[in-house]
Amino acid sequence: GGVVESCSPCVPAAQQQGIAILEKELAQLKLPDISGKSGKVRYSFSSCEADSRSLLQALSLTNISFLSPSPCSRGHGSFNLKVENVYMKIILRLGSDTTGKPTISTSDCSARISKVRVRFSGKLGWLYNLFHRVIESKLRKNLERKVCDNVAKSVQNELQKQVRTLPVTARIDDKIGIDYSLVAPPRATAHSLDADLKGEFYSLAHRSTVPFSPLPLAFPSDHERMVYFGASSYFFNTAGIAYHKAGALVFEITEAMIPKESEFGLDTSAFSAFIPQLEEMYPNMPMKFRLSTPTAPFLTIGPGGISFQPIVDVQAYAILPNSSLAPLFLLSLVRNVSAVINVRSGRIVGSLDVGRIRLSLKDSAVGHFQVQFLQTIMNYLTSSILLPRLN
């Protein structure tokens, strides 16, 4: 996908959360009715429910009916059930649905209880304690089966329900959002949890299909660091497309943005040395440049970082006394740009470096002129004003 993430502490953290949910679920365990016969004694257990304490500690079960050897004699009582050494093996299957949201289900479950002890109380408790082993065996098998039934129920009704509420898109600003839905099921190992995410930026006003597919990504085999995060060119190029469609890749350079120490004025007088017609048509008037991209920038990622060659249209205007704009000329600017990506204070940041520009004249309202004379000025304006804003 456009983004991948690997998290080493996710596995133990998930185990701790899973145990907490499991204890809560098993504390509400209700056993099915149990009946049987030992010699001439028939017995029946009904409405057996665990108290609020953890199953992993003890169970107190009530409302049990006992039938004595005499068909006319019936006794009621209760018993304490002590469960020792509960072993559970639960395998969860992580997946993703058609919308890219994560899914979770129980792939396998086995439970083993090493010992179950039953002690009866009541008028005939001494009698029932004589055949406690038969009852303990049945209770142990029922408990083992019920534990896994409750695990599957808890995963389906609680864990899966919570997972379904996880968002897979986020709003970046008032123009752009990002889709980080899964493009493949998460991969869990003994050491980490890896997730392939879409990492696609889109315009909030109008989302359209991206004309290229996400690239496969892979992490280094080592797990020395806690979290790894990777991004492909898909991540950055969809950002370029989204911001271009939203009209956000438009920049203006005005006189107020020129550093005072530069001793350079952004007016027709400064450019009249290269374009004599300016002095005649718009003498000593302030100017403004509007930079825009006719197409979204497309970048590649290599060993040295990110590189791209954006095409920028530069429209020059004279600002008339009534504040209206008079178009002067339109330049096409091509420049090699490289970027190094880093993380600072929890944010992905970039540092751009630019090479020299190539200019061509696309249109002019002040007659033809040699654009190479403007090379130095445009280098200065883009490097000292535009570049810091982009960074």
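The values are calculated or read from the model by the stated rules, or taken from the named source; none is laboratory data. Because the structure is a prediction, the values reported are computed rather than measured. Heads up, the Cβs are rebuilt from the backbone with ideal geometry, glycines too, and the neighbour counts pull from every protein chain shown. Just the protein is used for accessible areas: all its heavy atoms, side chains included, with ligands, DNA and RNA removed. Shrake-Rupley method; radii C 1.70, N 1.55, O 1.52, S 1.80 Å.
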- Message: Could you give each residue of region 280-285 its phi-based ³J(HN,Hα) in whole Hz, using Karplus coefficients 6.51, -1.76, 1.60 with θ = phi - 60°, and x for Gly or Pro?
- Response: 7, 7, 9, x, 6, 10
- Message: Just to check I understand the Karplus step: with θ = phi - 60° and J = 6.51 cos²θ - 1.76 cosθ + 1.60, what whole-Hz values come out for region 86-102, glycine and proline as x?
- Response: 8, 10, 10, 10, 10, 10, 9, 9, 8, x, 8, 8, 5, 8, x, 7, x
- Name the long-range amide H neighbours of Gly265: under 5 Å, sequence gap of 5 or more, or other chain; modelled H, no Pro or chain starts. none
- Message: Starting from 0.36 nm per residue, how many nanometres of slack lie between Thr189 and Ser384 once their C-alpha separation is accounted for?
- Response: 65.3 nm
- Which residues in region 329-360 have a backbone N closer than 19 Å to a point placed 7 Å from the Cα of Phe212 along the Cα-to-Cβ line? 335-341
- Task: Grab every C-alpha pair in region 176-389, bin the distances at 5 angstrom width from 0 up to the longest one, and report whole percents.
- Result: 1, 6, 12, 15, 15, 13, 10, 8, 7, 5, 3, 2, 1, 1, 0, 0
- Taking the simple approach of a point 7 Å from Cα along Cα-to-Cβ for both Thr300 and Ile91, what is their distance in nm? 4.4
- Query: Hey, which aspartates and glutamates would be in cross-link range of Lys198, C-alpha to C-alpha under 17 Å, not counting anything within fewer than 8 residues on its own chain?
  - Reply: Glu5, Asp97, Asp179
- How large is ³J(HN,Hα), in whole Hz, for each residue of region 238-252 in order, when computed from phi with the Karplus curve 6.51 cos²θ - 1.76 cosθ + 1.60 and θ = phi - 60°, using x for Gly and Pro? 5, 5, x, 5, 5, 5, 5, 5, 7, x, 8, 8, 10, 10, 10
- Task: With a point put 7 Å past each Cα toward its Cβ, work out how far Arg164 is from Glu84 in nm, to one decimal.
- Result: 4.3
- Convex hull over the Cα atoms of region 186-248, averaged projected area in nm²? 5.4
- How much length, in nm to one decimal, is gained on full extension between Ala326 and Lys362, taken as 0.36 nm per residue of separation minus their Cα-Cα distance? 11.3 nm
- Query: So how far apart, in nm, are the two label points at Arg344 and Glu136 if each is 7 Å from Cα heading toward Cβ?
  - Reply: 6.9
- Note on the structure: Over its alpha-carbon atoms, region 131-265 yields an Rg and a Dmax in Å of 26.4, 104
- Message: What does the extension gain come out to for Arg225 and Asp313, with contour length at 0.36 nm per residue minus their alpha carbon separation?
- Response: 27.3 nm
- Report, by chain and number, residues whose modeled amide H sits under 5 Å from the one on Lys362, excluding near sequence neighbours (fewer than 5 apart, same chain). Leu330, Leu331, Ser332
- How many percent of the accessible area of region 176-389 is carbon or sulfur, using a 1.4 Å probe? 57
- Of Lys101/Lys175; Lys115/Lys146; Lys82/Lys153, which pairs sit farther than 22 Å apart, going by alpha carbon to alpha carbon? Lys101/Lys175; Lys82/Lys153
- Surface accessible to a 1.4 Å probe, per residue, for the residues of region 103-239, Å²: 58
- Task: Mind grabbing the accessible area of Ile241 for me, 1.4 Å probe, Å², rounded to tens?
- Result: 40
- Item | Ranked order, Phe264, Phe229, Phe329 - accessible area, probe 1.4 Å, largest first | Phe229, Phe264, Phe329
